[in-house]
Amino acid sequence: MTDTVAAAQQQPDTPQPFAELGLKPDEYARIAEILGRRPTASELAMYSVMWSEHCSYKSSKVHLRQFGDKKPETDALLVGIGENAGVVDIGAGWAVTFKVESHNHPSYVEPYQGAATGVGGIVRDIMSMGARPVAVMDPLRFGAADHPDTRRVLPGVVAGVGGYGNCLGLPNIGGEVVFDASYQGNPLVNALCVGVMRHEDIHLASARGVGNAVILYGARTGGDGIGGVSVLASETFTDGGPTKRPSVQVGDPFMEKLLIECTLEVLGSGIVEGIQDLGGAGISCATSELASNGEGGMHVWLDRVLLRDPTLSPEEILMSESQERMCAVVEPAKVEQFLAICAKWDVEAVVIGEVNDSGRLTVDWHGEQIVDVPPRTVAHEGPVYNRPLARPDWLTPRQDDAPTPERLARPSTAGEIRETLLTLFASPNLAAKDWVTDQYDRYVMGNTVLAQPEDAGMVRIDDETGLGVALATDCNGRFAALDPYAGAQLALAEAYRNVSVSGAVPLAITNCLNFGSPEDPAVMWQFSQAVTGLADACLTMGTPVTGGNVSFYNQTGDVAIHPTPVVGVLGVIDDVARRTPMAWGTDGDLIYVLGETRDEFGGSEWAHVIHGHLGGMPPHLDLESERQLSQILVAGSRDGMFSAAHDVSDGGVAVALVEMALRSGVGARCWVPDGVDPFVFLLSESATRAVVVVARSEELRFTEMCGARGFAATRVGVVDSGIGAEAGLAEDGQALVIGGVHGESVVLDLDEVNRVRQATLPALFG
């Protein structure tokens, strides 16, 4: 029997399963106080999903305010935090919207669909702003590469990301694939989408205009994903498996493709007053947020919702997170036109509600009222917790355990360094990721300019001018585990540097903050430190936070993941034809390292792979120097000084040089600078560095530019396609030869290195 508002008034003592829905006793009491009675079953469902950690940000709001309080002054930001996605001005009347979100927990339960629907959800966020989605990225993190459960999760996640995105016709232009035992029971599947629009096409999520119709369109509502991400992402996994395993969402990319085109046409026709995608919390979220952001009132006839499963109860319909659905607010006179456009695209649509000025969200089910709530209390005025913080006791001993030569043995001969490098190149994090990225279409639509394995993805926005945008994502969880404040800043710095290396000017960021349980004071301390570090860095770097996502409860039992604040940076380039690629190519071009190399191995790949060690402090970061490096990289690109560039990060200079050589298929003669320890020079992970390749004719101009800024630029090599033969390889063999290594040279046969790098992931995952 349906639980109605009248029944709730007449039967106040009816027991309700609020705890099973994730509500605390005091939260349930507050709902009753707001309503002046017990909630109906449908109201309870709405409050439970909208007050979940995933939807309400109740544990993070007090910290996230820093992104607004410390927002840098910029003319580029058109829409900031609070909408489905942020929007930035890139010039010439063009605007770009972008956002990164998590789909971590569903992807652990059902890897393929969890990852696929993560892509679909972020695409709809972008589309709901009025933009055409043009590219996606996927920062992924898995447990140990050789663990059996990683072999269960990774192939499904990769297939889900690739399958859904490929079917949509969206190029996958970047992201990360990282392995670490910390993520064993909690893989991180973060998805980013970028979309393009004209300024006048920006749309916001609000239900304005009394009497306007509320239209639900897209796929029919089913039983998949009932309480899905909203409940699943608000609960830790126990050692024995998830405590809650609701049916995860199921995606249909072909329906999504129709929905994209249908949505863009109705938005372009000017007949939509407000629009909202349906993701987490489904109809509960869409109706309450639209009403809350608009005139403050809405009536919904829930029995009009088109169903795939006619047995669904009203509570299940409200909580369902079925995919490929949108909600639009349309004037009555334009409803027929809206429905006609939907029919043209073979998209089902139905009027399910009406905007009013009642200040209430009311829902009827077959003529009986089952919901009567103030919408703001559902969507925006949920609980806000200032949870206890405590610096973990284990952090100081970990930081004190620095990877010094006395603590961890270092290679001391040219032969030992060569073997160390080959071991690192074969390790999962530094190995080639082709097994993953070859499953993604990187060039569909024809506007991809740069994609994996380049430092940043880049897409052309304007065919006539060459205007484009570049995006990069990054985070080193080990750095954040050693110092979450510095780790978050280092994530921003590397993504910022990756965009700059391509020749684009960084404009703004999005972030996905992945942490353990907020009920753990140590986790909340990590979170608060990371947010503060990121906010402080954004203020210095001039890059506002446009939006993003918080993902808590990433832990199994008492063991949390490494803090992983993933940062996505978007930059603009006025002509993609002057981009700087990673690959060098012309014999005689000079190889320089920009920035200073220090003995910094805390959280490094060398310590991780060779010694299984995590300790010390992450690399020092000077944000002003990072800005300076960016200016040099952008100016060098704009002025045609660089033939190639690559950031220095995981694995140090040696890895950067090898990746550039392999990308071009051309060798180089390099050397360790005088007075520098070869091991430190080759493998240190000091921040604020890049390798640039400069034509001899541009050397003077380049060095003068660096000198004027007081920025270190050290010549370390020359491109040389004949060095392989000199080193004893076949006549056409290519090699990277590094001299000055304890009186000898390290010879790296590029064919051998490539075989080593390419073999790792196929051997693990088929």
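Readers should treat all values here as calculations from the given coordinates under stated rules, not as data from a laboratory. None of these values were measured; they are calculated from a predicted model. Using ideal geometry, Cβ is built from the backbone for each residue, glycine included, and neighbour counts are taken over all protein chains shown.
What does the helix-only formula give at 222 nm for the chain: each DSSP H stretch with n ≥ 4 adding -39500 (n - 2.57), the total divided by the residues, and the result rounded to the nearest 500 deg cm²/dmol?
Working: 27 runs with 279 residues, N = 766.
Rounded to the nearest 500, the figure is -11000 deg cm²/dmol.
Extending each Cα 7 Å along its Cβ direction at Glu416 and Asp149, get the distance between those two points in nm, one decimal.
Reported label-point gap for Glu416 and Asp149 is 3.8 nm.
Going by Cα centres, the stretch 676-740 and the stretch 527-587 are how many Å apart?
27
Jot down the per residue volume, in cubic angstrom and as a whole number, of the convex hull over the alpha-carbon atoms of the stretch 1-106.
It comes to 178 Å³ per residue, whole-number rounded.
With the cut-off at 21 Å, tell me which of the pairs Lys24/Lys58; Lys71/Lys99; Lys99/Lys257; Lys99/Lys433; Lys257/Lys344 have Cα atoms farther apart than that.
Check vs 21 Å cut-off fails for Lys99/Lys433.
Calculate, in nm to one decimal, what Glu336 and Ser313 gain on full extension: separation in residues at 0.36 nm each, minus their alpha carbon distance.
Values: separation 23, 0.36 × 23 = 8.28 nm, distance 2.94 nm.
Stretched out fully, the Glu336 to Ser313 stretch lengthens by 5.3 nm.
Relative to the present Cα-Cα distance, how much length would full extension add between Leu306 and Glu265 at 0.36 nm per residue of separation?
That works out to 12.5 nm of additional length.
Determine the shape class of the stretch 383-499: with a ≥ b ≥ c the square roots of the Cα gyration tensor eigenvalues, call it rounded for a/c under 1.5, and otherwise prolate if a/b is greater than b/c, oblate otherwise.
oblate
In straight Cα distance, which lysines are under 19 Å from Lys70, not counting same-chain residues fewer than 8 positions off?
Output for Lys70: Lys61.
From largest to smallest, what semi-axes in whole angstrom does the stretch 471-595 give when each is the square root of 5 times an eigenvalue of its alpha carbon gyration tensor?
Working: eigenvalues 209, 49, 29 Å².
Gyration-tensor ellipsoid for the stretch 471-595: 32, 16, 12 Å.
Karplus couplings for the stretch 377-386 from phi (6.51 cos²θ - 1.76 cosθ + 1.60, θ = phi - 60°), rounded to Hz, Gly and Pro as x?
Per-residue couplings from phi come out as 5, 7, 8, 10, 10, x, x, 10, 10, 9 Hz.
Looking at the square roots a ≥ b ≥ c of the eigenvalues of the Cα gyration tensor of the stretch 515-581, which shape do they give, rounded for a/c under 1.5, prolate if a/b is larger than b/c, or oblate?
It comes out prolate by the Cα gyration axes.
Between the stretch 645-660 and the stretch 319-390, what is the separation of their alpha carbon centroids in Å?
Rounded to whole Å, the Cα centres lie 50 Å apart.
So who's got an amide H within less than 5 Å of the one on Val716, skipping anything under 5 residues away but keeping other chains? H placed 1.01 Å off N, in plane.
Long-range HN contacts for Val716: Ile591, Tyr592, Val593.
Kirkwood hydrodynamic radius of the stretch 580-766 from all distinct Cα pairs, in Å?
17.2
Take the alpha-carbon positions of the chain, form their convex hull, and give its projected area averaged over all directions (one quarter of the hull surface) in nm².
31.7
If I take R0 = 35 Å and measure r between the Cβ atoms of Met445 and Thr586 in this structure, what FRET efficiency does the formula 1/(1 + (r/R0)^6) give, to the nearest 0.05? Before the final figure, lay out each step's value.
On the way: r = 31 Å, r/R0 = 0.88.
The formula returns an efficiency of 0.70 here.
Obtain the nm distance between the two label points defined at Ala730 and Gln399 by a simple spin-label model: each point lies 7 Å from its Cα along the Cα-to-C-beta direction.
5.4
Relative to a virtual label point 7 Å from the Cα of Phe765 in the Cα→beta-carbon direction, which members of the stretch 651-666 show backbone nitrogen distances below 20 Å?
None, by backbone N distance to the label point.
What residues have an amide H closer than 5 Å to that of Leu77, excluding those fewer than 5 places away on the same chain, when H is modeled at 1.01 Å from N in the peptide plane?
For Leu77, the qualifying residues are Asp89.
Once phi is turned into ³J(HN,Hα) by the Karplus curve 6.51 cos²θ - 1.76 cosθ + 1.60 with θ = phi - 60°, what whole-Hz value does each residue of the stretch 388-396 show in order, with x for glycine and proline?
x, 10, 7, 4, x, 5, 7, 6, 4
Could you give the distance between the Cα centres of the stretch 466-521 and the stretch 57-117, to the whole Å?
Result: 13 Å between the Cα centres.
Provide the FRET efficiency to the nearest 0.05 for the Val384-Glu73 pair, computing r from the beta carbons and using R0 = 25 Å. Please list the in-between numbers first.
Working: r = 28 Å, r/R0 = 1.12.
Approximately 0.35, to the nearest 0.05.
Mind ordering 16-29, 167-180, 415-428 by average Cβ neighbours within 10 Å, highest first?
Working: 16-29: 15.1, 167-180: 23.4, 415-428: 18.9.
Ranked from most to least packed, the peptides come out as 167-180, 415-428, 16-29.
As an exercise, use a Förster radius of 25 Å and the Cβ-Cβ distance of Ala577 and Glu699 to find the FRET efficiency, rounded to the nearest 0.05.
Working: r = 23 Å, r/R0 = 0.93.
Efficiency, from the Cβ-Cβ distance: 0.60.
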